[in-house]
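Accompanying notes for the structure given below.
The values are calculated or read from the model by the stated rules, or taken from the named source; none is laboratory data. The structure presented is a predicted model; accordingly, all values stated were derived computationally and were not measured. Using ideal geometry, Cβ is built from the backbone for each residue, glycine included, and neighbour counts are taken over all protein chains shown.
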Amino acid sequence: MRITDVRALPVQMASSWLNEGLIANPMSIYPLYREKRSSWYGPMTTAVVVIDTDEGIRGLGTVGGGKAKVAPVIIEDQFKSLLIGQNPFDVELLWEQMYRASQFYGRRGLVINVISGIDIALWDLVGKALGQPVFNLIGGKTKEKIPAYVTGNLTERHLEEGFHDVKLAVLFGPADGKEGLRKNVEMVRKTRELIGTDGDIMLDCYMAMDVRYAIALANAVREFNVLWIEEPVPPDQIDSYRRIKDAVPDIMITGGEHEFTRYGFRDLIEKRAVDILQPDIYRAGGVSELKKVAAMASAYNLPVIPHGVGAPTYHFIMATPNAPRAEFVDIFVHGNRPLLKGDVQPRNGFVELSDAPGFGYDLDEEVMSGQAQVALIW
């Protein structure tokens, strides 16, 4: 079997509470950009990577990061020439060649997002060729079903949907002063009252804080038994992660959503900067790279709980012993559709995967033609 074509199909992403609501973020310190992320994001796009073969088997992957409109240029300009005519089963070789060939302008960010989509499509293709779900190819089941927590601030809705554990998007950051901190604490208090004593509460800070504020927030919510505080500072401030972690040993500090490849996660692991690693499979390098990240983490007894939704994420978790649970981001609340038809979603707080070959999804022609609003791939 040989690869005959590789292409990326960009898709405009619909609005959601994530980019249109008030949520603390790294631009919140500027009044002009405080109210909503869309004020500084610009247009958000994802892309479906399609890989065809001479045997008629096709693989599909997704490019993360929100700026996938330029993915076709990167593929056409370089990666396509590295992939056409190659054996799609040589997934590791192809990953390494794409990474090495793009180092002079890549290494992180958009280029790795594109490699991620290609890698995911290759795994989907191989699974379809062998008639096996991807989780069987990368380790088999390590659990029968995956516990899932939900990210979003509509806790009453989420409880009705069967979720017990919630991750709240923190609304206010350092620029909002003591009043903003008080409002954050009040949101946590109300959530604890709603979910009771047994459910987990996590806080997503989305790079919005500094060391002092993160420590103050952790101390202020301690009585509500918060499990972790996520991505409190920008990703390059690894020493700040460690300072926060050391200051609040009774609440876990997590991160990695905006980190790339095994090399970036090596630094987080070796500096013991976080208690949980949260790579995004659509950004950090795809299935192949997340396998390496999880292997490194296991040697340090670190859990890996990937950021994001979708079948590639869930297949990875299913096959990874130190990946105990999954995230589900409530990006469908306004009626938006999954990017790919048949993509799996949690039910009653759990993800269950079928034995369908590959990732079990296919192209959605209405989404690809722009006739349906596609949910944000965060």
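For the criterion of being within 24 Å of the chain's Cα centre (by Cα), surrounded by fewer than 14 Cβ atoms within 10 Å (Cβ to Cβ) and among the acidic types (Asp, Glu), Glu35 passes. For segment 82-118, what are the residues that are under 18 Å from Arg2 (Cα atoms) and touching a residue at least 60 places away in the same chain (Cβ under 8 Å)? Residues satisfying the conditions are Leu83, Ile84, Gly85, Gln86, Asn87, Pro88, Phe89, Val91, Glu92, Trp95, Ile118. For segment 145-191, which positions are surrounded by fewer than 18 Cβ atoms within 10 Å (Cβ to Cβ) and over 30 Å from Pro31 (Cβ atoms)? Lys145, Pro147, Glu156, Arg157, Leu159, Glu160, Glu161, Gly162, His164 - these are the residues of segment 145-191 that are surrounded by fewer than 18 Cβ atoms within 10 Å (Cβ to Cβ) and over 30 Å from Pro31 (Cβ atoms). Scan segment 61-70 and give yes if some residue there is closer than 24 Å to Lys341 by Cα, over 22 Å from the mean Cα position of the chain (by Cα), hydrophobic (A, V, I, L, M, F, W, C) and outside the structural domain of Glu230 (by TED's automatic domain parsing), otherwise no. Within segment 61-70, not a single residue is closer than 24 Å to Lys341 by Cα, over 22 Å from the mean Cα position of the chain (by Cα), hydrophobic (A, V, I, L, M, F, W, C) and outside the structural domain of Glu230 (by TED's automatic domain parsing). The condition of being assigned by TED's automatic domain parsing to the domain that holds Val248, under 29 Å from Pro321 (Cβ atoms), free of Cβ contacts under 8 Å to residues at least 60 places away in the same chain and in contact with a Leu (Cβ under 9 Å, 6 or more places away or on another chain) holds for Ile201. Only one of these is closer than 28 Å to Val48 by Cα and either of a type outside the set (A, V, I, L, M, F, W, C) or surrounded by 23 or more Cβ atoms within 10 Å (Cβ to Cβ) (or both): Pro249, Pro303, Pro235. Name it. Just a single option satisfies the conditions, and that option is Pro235. If the condition is being under 20 Å from Lys141 (Cα atoms) and surrounded by 14 or more Cβ atoms within 10 Å (Cβ to Cβ), then segment 353-370 contributes Leu353, Ala356, Pro357, Gly358, Phe359, Gly360, Tyr361.
For segment 203-226, the set of residues classified as closer than 14 Å to Val170 by Cα and more than 26 Å from the chain's Cα centre (by Cα) consists of Ala216, Ala220, listed by residue number.
The one condition from (1) surrounded by 24 or more Cβ atoms within 10 Å (Cβ to Cβ); (2) of a type in the set (Gly, Ala, Ser); (3) out of contact with any strand residue (DSSP E or B) (no Cβ under 8 Å at 6 or more places or on another chain) that Gly255 does not meet is (3). Filtering segment 331-348 to residues that are at pLDDT 80 or above and crowded, with 18+ Cβ neighbours inside 10 Å leaves Pro338, Leu339, Leu340, Asp343, Val344, Pro346. Could you say whether any residue in segment 234-249 is closer than 18 Å to Pro279 by Cα, in the same structural domain as Ile331 (by TED's automatic domain parsing) and in contact with an Asp or Glu (Cβ under 7 Å, 6 or more places away or on another chain)? Yes: segment 234-249 contains one or more residues that are closer than 18 Å to Pro279 by Cα, in the same structural domain as Ile331 (by TED's automatic domain parsing) and in contact with an Asp or Glu (Cβ under 7 Å, 6 or more places away or on another chain).
Would it be correct to say that Arg325 is among the basic types (Lys, Arg) and under 23 Å from Lys145 (Cα atoms)? It is true that Arg325 is among the basic types (Lys, Arg) and under 23 Å from Lys145 (Cα atoms). Give the residues of segment 151-189 that are part of a loop (DSSP other than H, G, I, E, B), closer than 30 Å to Gln345 by Cα and not β-branched (Val, Ile, Thr), sorted by residue number. Listed by number, the residues that qualify are Gly152, Asn153, Leu154, Glu161, Gly162, Phe163, His164, Asp165, Leu171, Phe172. Residue-level check: of (1) under 26 Å from Asp362 (Cβ atoms); (2) not in a helix (DSSP H, G or I); (3) not basic (Lys, Arg), Ile317 misses just (2).
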